[in-house]
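Q: Structure provided below as structure tokens; questions to follow.
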Amino acid sequence: DVAKAVTARRRRGSLVGTEVGGELAVRIEAGWQLPKMDILGLSDPFAVVKIGEQKFRTKTQKATLNPKWEQEFSFAIDWQ
């Protein structure tokens, strides 16, 4: 497992009635002990989160095997 903590929560929406939809917030915290990918024994890691056709990418963390992204992304969700 690469991600230290990923939390998700549904915002603004309802699972009952006719108005169904909202947001899903996903937070990418960190990674640790990633594989070495260059000749210096380091990596330039980033994370990609995709739900359906929606895709987000964290910022690249240069020269580390233990990145800290601490980024949150919101996906528009249709719960139907």
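The values are calculated or read from the model by the stated rules, or taken from the named source; none is laboratory data. Source: prediction; values computed, not measured. All Cβ positions, glycine included, derive from the backbone under ideal geometry; neighbour counts span all protein chains shown. Keep in mind that these areas ignore ligands, DNA and RNA; they rest on the heavy atoms of the full protein, side chains included. Shrake-Rupley method; radii C 1.70, N 1.55, O 1.52, S 1.80 Å.
Q: Of all residues being modelled with pLDDT under 90 and at positive phi in segment 19-47, which is farthest from the chain's Cα centre (by Cα)? Just the residue, please.
A: Step by step, filter segment 19-47, then rank; the result is GLY21.
Q: Of the conditions (1) open to solvent by less than 40 Å² (accessible area, probe 1.4 Å); (2) at pLDDT 50 or above, SER14 clears all except one; give me its number.
A: (2)
Q: Filter segment 23-50 down to the residues that are in contact (Cβ under 8 Å) with a residue 40 or more places away in the chain and of a type in the set (Asp, Glu), then identify the one that is nearest to ASP78 (Cα to Cα).
A: GLU23
Q: Can I ask one more? For segment 48-79, enumerate the residues that are in a loop (DSSP other than H, G, I, E, B) and either within 9 Å of the chain's Cα centre (by Cα) or farther than 11 Å from LEU24 by Cβ (or both). Walk me through how you get there before you give the answer.
A: Here is the first cut: in segment 48-79, the residues in a loop (DSSP other than H, G, I, E, B) are 52-53, 58-67, 78-79.
Selection gives GLU53, THR58, LYS59, THR60, GLN61, LYS62, ALA63, THR64, LEU65, ASN66, PRO67.
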